[in-house]
Amino acid sequence: AASAIRELSPLMGTKSLGVDYGLSRTGLAVSRGYSSQPLLTLRSNNATDLAIQITRYCVSEQASQVIVGLPLHMNGTENDQTILTRVFSQRLAESILASMGPKVPVYLFDERYTSKEAAARMHNRDPSLALYGTLDADAACIILEGYYGDNGKGAELVTLPANIAEVAMAKYKTKTEKAEQARKAALLEWQTATKRRKEEMARLRKEAKETEANSGEGEGGGKKKKKKKKKKKK
């Protein structure tokens, strides 16, 4: 029954980027459908730079959505880290909108227990591993697993203030227009080069035929006709 529900899930086949945000370390993971795997851990305390880096991975992984873990107290109430994560998620949403457009949403999803579970997984794999080596990326992976396991229920869409969204969207349109202009210019250049090659090949074939024809005429004109000798009557 569970497998049947998963097959009918609208999330099946979608590719997501999971983010376990931290002030100094941020873990990333990728997921297609219900299969998740850790990606890497970014080290940065600059929120703007971090948002740009994550956006680049979102582009390279061709993610259709981003899931940011939302830290909460065990009783579900918010704390200081919750506020910082909300602020960062808006900065990330702005960066993604400016780069990828409105079709790649950013969601916040409850990340309680993920760090403990990630540490437990690392210990089970290899007790000698450094705790912070892949802990954050594993936590991001668990965030994705929870999101897909609940079919996205409880996820909170990150929305931007109208003025910020307008500026980001304008950047995206400008970027898209420039990319389209570059594509058209490249296509025109290719078409022009192809036309020139065809014209050059046609010219060379024509010259070759003319040379062959002239050569044949020269050989024919250079031959001397042999005169038939008349037999003398005896």
Within the stretch 25-50, of all residues that are more than 17 Å from the chain's Cα centre (by Cα) and hydrophobic (A, V, I, L, M, F, W, C), the one farthest from LEU92 (Cα to Cα) is LEU42
Give me a count of the residues in the stretch 18-52 that are hydroxyl-bearing (Ser, Thr, Tyr) and closer than 11 Å to ASP138 by Cβ.
2
Among residues belonging to the stretch 158-189 that are out of contact with any strand residue (DSSP E or B) (no Cβ under 6 Å at 6 or more places or on another chain) and outside any helix (DSSP H, G or I), point out the one that is farthest from ASP110 (Cα to Cα).
PRO161
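Quick note: the coordinates plus some simple rules give every number you see, no bench work behind them. Everything numeric in this text was worked out from a predicted model, so none of it was measured. Note: ideal-geometry Cβ built from the backbone for every residue, glycine included; neighbour counts use all protein chains shown.
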